[in-house]
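First comes the structure, then the notes that go with it.
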Amino acid sequence: MYLPVHPKPFENPISSPNLITFIFSSIAETLETKSATMGSIEVPASEENGTTQTTNDIEQKKNGGDPPPSSDSGKQSENENTVTTTTTTMTMVTRKRKTNMALPLEVGTRVMCRWRDGKYHPVKVIERRKMPGAGNNDYEYYVHYTEFNRRLDEWVKLEQLDLDSVETDVDEKVEDKVTSLKMTRHQKRKIDETHVEGHEELDAASLREHEEFTKVKNIATIELGRYKIETWYFSPFPPEYNDSVKLYFCEFCLNFMKRKEQLQRHMRKCDLKHPPGDEIYRNGTLSMFEVDGKKNKVYGQNLCYLAKLFLDHKTLYYDVDLFLFYVLCECDDRGCHMVGYFSKEKHSEESYNLACILTLPPYQRKGYGKFLIAFSYELSKKEGKVGTPERPLSDLGLLSYRGYWTRVLLDILKKHKGNISIKELSDMTAIKAEDILTTLQSLELIQYRKGQHVICADPKVLDRHLKAAGRGGLEVDVSKLIWTPYKEQDVTRQVGKCNVKIVDVSTTGLSHGDDVNAFQEE
């Protein structure tokens, strides 16, 4: 409705919009007259803790103990009183809902949870358990932070949960809080810097089955050497360890125990000061040991148990006899301490030079992951073969390898004078031709002309891509590598005698064969 700029005065106030003003003025005069003769009228607003509070009482508390404004302060004060009463009533209703909420919370409930950063994040209740010696409703809840990888799943207490957010599966409060808690790029990186992708090799049904079986971490923490490490995922330890929340590992032989005293007794007897097997590389304080899964089966199996605590995927596991493990260590006067490893099949028809790779959490973001990738290619060069990581690659695994391939290829292209083919690049680097082609295509450095691929290497473009790829990490000093390739005829005899059994990691306890989906890049 539009009003004229200069409206004429209404001649008949009773028949005009001024009627509303006239009526309210009359009512106000009547109330003031009655109030002067009968005293003030107080309207009960709500009842809390058995005490009835009036509107005047509420206003007095709101004003810090001062009396509420008098009635002659105008319509604005009357409106404020009305809003205050309504807000107070709504607060009481909200508090009542929280008090009457059914506890314990059901599995599947979605709620906001306070994380270790002090902020609230949306979670889903995966499991619950009664706290020992507690009341009927005293439960701990195993929650999954829906914004992040499963490695952050944890047990939380009731006081960490915002019960006001338990209204519906998609509550407006939850959405509002999620919106208001958008993380900065740095915060997101801090939480996801060791994020692991996986499951690309699983169909939907298998993935659901795997996640259901492994939804709750069975081991919360481990002690390995001087580090106490929070685990990320479920690992299929033998049944006798089902009641253990923490395990103690010997950092040299990787035997694990339930109690600290057992580890201390074991350490007095264990004569190992480094992984079993042959030391094939030493440069300063870094050493690499080659461990044959057939000769050191218990060590290989223990390594699988340990690694699965930080790898989130189900895959086919084979006998460790068919694998070689390359264990990277930092060495000091106390011994050689494992920082990570990768494994490879003794014989691969697909030219895979790496099956599984892991850098332990305390040693991540130090360049060890890149070092392990580079080392696997140096072994391929020694074998006189091209190599490639076992497929399928996860998103993070592909990103890590693509970074390595980019740095290696661009370094060569920048220094090389004249023409060079993809075949020549493959021979120089031991990188498979298909990996070279896809890497250069992703950098838009290759074109298809006259039936063949042509590399377009503009120096400025190369510099820009090299800068974006970042530093290369620790270098492998090939002069320090003393290694003889595994003999294939020995593998043929071994496979002929060995009964290779494929088992499911989610229902049985051991063996190995993690693919590169497990990659933990720093």
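List pairs: first residue in the range 352-376 and without any contact (Cβ under 8 Å) to a residue 24 or more places away in the chain, second residue of a type in the set (K, R) anywhere in the structure, Cβ distance under 9 angstrom, at least six positions apart or on different chains.
From residues that are without any contact (Cβ under 8 Å) to a residue 24 or more places away in the chain, there are no pairs.
Kindly indicate the residue of the range 210-248 that is polar (S, T, N, Q) and in a loop (DSSP other than H, G, I, E, B) and also surrounded by the most Cβ atoms within 10 Å (Cβ to Cβ) among those meeting that condition.
So the residue we want is S235.
May I ask you to say which residue of G340, G369 is modelled with pLDDT under 95 and either crowded, with 19+ Cβ neighbours inside 10 Å or assigned to a helix (DSSP H, G or I) (or both)?
Values: G340 fails: modelled with pLDDT under 95.
Exactly one residue qualifies, and that residue is G369.
Listed here are the residues, each with its yes/no results for (1) in contact with a Lys or Arg (Cβ under 8 Å, 6 or more places away or on another chain); (2) among the hydrophobic types (A, V, I, L, M, F, W, C); (3) touching a residue at least 24 places away in the same chain (Cβ under 8 Å).
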site	(1), (2), (3)
T406	no, no, yes
K414	no, no, yes
N419	no, no, no
L425	no, yes, no
E434	no, no, yes
E444	no, no, no
R449	no, no, no
L462	yes, yes, yes
H465	no, no, yes
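Any residue at all in the range 379-387 that is touching a residue at least 24 places away in the same chain (Cβ under 8 Å), surrounded by 19 or more Cβ atoms within 10 Å (Cβ to Cβ) and not in a helix (DSSP H, G or I)?
Within the range 379-387 (the criterion being touching a residue at least 24 places away in the same chain (Cβ under 8 Å), surrounded by 19 or more Cβ atoms within 10 Å (Cβ to Cβ) and not in a helix (DSSP H, G or I)), the answer is yes, since at least one residue qualifies.
Between E251, E279, which is outside any helix (DSSP H, G or I), surrounded by fewer than 22 Cβ atoms within 10 Å (Cβ to Cβ) and not assigned by TED's automatic domain parsing to the domain that holds H144?
The unique qualifying residue is E279.
Here is a yes/no grid of residues against (1) crowded, with 19+ Cβ neighbours inside 10 Å; (2) in a strand (DSSP E or B); (3) in contact with a helix residue (DSSP H, G or I) (Cβ under 7 Å, 6 or more places away or on another chain):
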residue	(1), (2), (3)
D271	no, no, no
V298	no, no, no
Q301	no, no, yes
L328	yes, yes, yes
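Given the structure, is G418 farther than 22 Å from Q301 by Cα, small (G, A, S) and out of contact with any helix residue (DSSP H, G or I) (no Cβ under 6 Å at 6 or more places or on another chain)? Step through it out loud before you land on a result.
Numbers: farther than 22 Å from Q301 by Cα: yes; small (G, A, S): yes; out of contact with any helix residue (DSSP H, G or I) (no Cβ under 6 Å at 6 or more places or on another chain): yes.
The answer is yes for G418.
Within the range 414-438, track down each residue that is touching a Leu at 6+ places or on another chain (Cβ under 6 Å) and at pLDDT 95 or above.
I436, the sole residue that qualifies.
Criterion first (assigned to a strand (DSSP E or B) and out of contact with any Phe, Trp or Tyr (no Cβ under 6 Å at 6 or more places or on another chain)) does V123 satisfy it?
no
If I ask for residues that are touching a helix residue (DSSP H, G or I) at 6+ places or on another chain (Cβ under 8 Å) and buried (at least 19 other Cβ atoms within 10 Å of the Cβ), which ones from the range 347-366 would you list?
N353, L354, A355, C356, I357, L358, T359
Just name the residue that is farthest from Y281 (Cα to Cα) out of those in the range 459-488 that are surrounded by 10 or more Cβ atoms within 10 Å (Cβ to Cβ) and among the small types (G, A, S).
Filtering the range 459-488 for residues that are surrounded by 10 or more Cβ atoms within 10 Å (Cβ to Cβ) and among the small types (G, A, S), the one farthest from Y281 (Cα to Cα) comes out as A468.
The values are calculated or read from the model by the stated rules, or taken from the named source; none is laboratory data. What you see is a predicted model; the values in this text were computed from it and never measured. Counting neighbours? That spans all protein chains shown, and the Cβs are built from the backbone with ideal geometry, glycine included.
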